[in-house]
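J.: Encoded as structure tokens, here's the structure I'll be asking about.
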Amino acid sequence: MSNPTILTVTEGAINQIRELQHGDVTLGIRIAVVGDPTPMGYRTELGFMQRTMHGADDVVQDVEDIWFIMDKTSAEALQGAVIDFDETKFQGGFHIQYAPDKLVEVPPSKMWGDELSTQVQKVIDNRLNPGLKSHNGFVELLEVRGEKAYIEMGGGCKGCAGAFMTLKQGIEKAIFAEVPEIKEVLDVTEHADGTNPYYTEVGGQGVF
């Protein structure tokens, strides 16, 4: 078996995995990235599996005799990532820090010359984009005109089947609650141009 270097695994993560193995060294760790590659942040699933059950096309990295088993797409997304476990951070769970070149950048926060636009931008910066990050996307404020805010979605939100639900259940609610002067949020995204949607099937649930 070749032993490619995909991941860096911290001592804290190694110790936690060994504790969860309960001495059963026949168990490996299956890591699967959920969603398309090159998002701003990935959802990642980890779980134990028997080493002998890995597929012929899987990528296997042996770290201190712990097998990390990935499909090829997940291995590409995980290249250069660091797996950590720290009880004082990340709600006491495993945390994966992806390499910077695997991430989609959020557009920088804009400086506006009016109070209303500034308030909407703060909602986007503080409430919306941190949540959308874990679902591979972001929202950008284009302008405020009267009682209307014009926004555009990017990353995994562009072309996502759940974009309308995200707009209605998350973006609108957050903006209306904190900036009551805004009565309508208009999404002008060209969703047909999306190349990396988070949901690709009709009926996606959206982020919020």
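The values are calculated or read from the model by the stated rules, or taken from the named source; none is laboratory data. Small disclaimer: the values here were computed from a predicted structure and weren't measured. Calculation scope for accessible area: heavy atoms of the full protein, side chains included, ligands and nucleic acids excluded. Shrake-Rupley method; radii C 1.70, N 1.55, O 1.52, S 1.80 Å.
J.: With every protein chain left in place and a probe of 1.4 Å, what is the accessible surface of residue 186, to the nearest 10 Å²?
T.: Near enough 50 Å² of accessible area.
J.: Can you send over the solvent-accessible area of residue 95, 1.4 Å probe, protein chains only, in Å² to the nearest 10?
T.: Near enough 50 Å² of accessible area.
J.: Now for a different question. Quick one: ranking 53, 70, 111 by accessible area, 1.4 Å probe, largest first, what do you get?
T.: So the residues, ranked largest to smallest area, are 111, 53, 70.
J.: For the full complex of protein chains and a 1.4 angstrom probe, list 117, 109 by accessible area with the highest value first.
T.: Listed by decreasing accessible area, they come as 109, 117.
J.: For 150, 98, what's the largest-to-smallest order of accessible area, 1.4 Å probe?
T.: 150, 98
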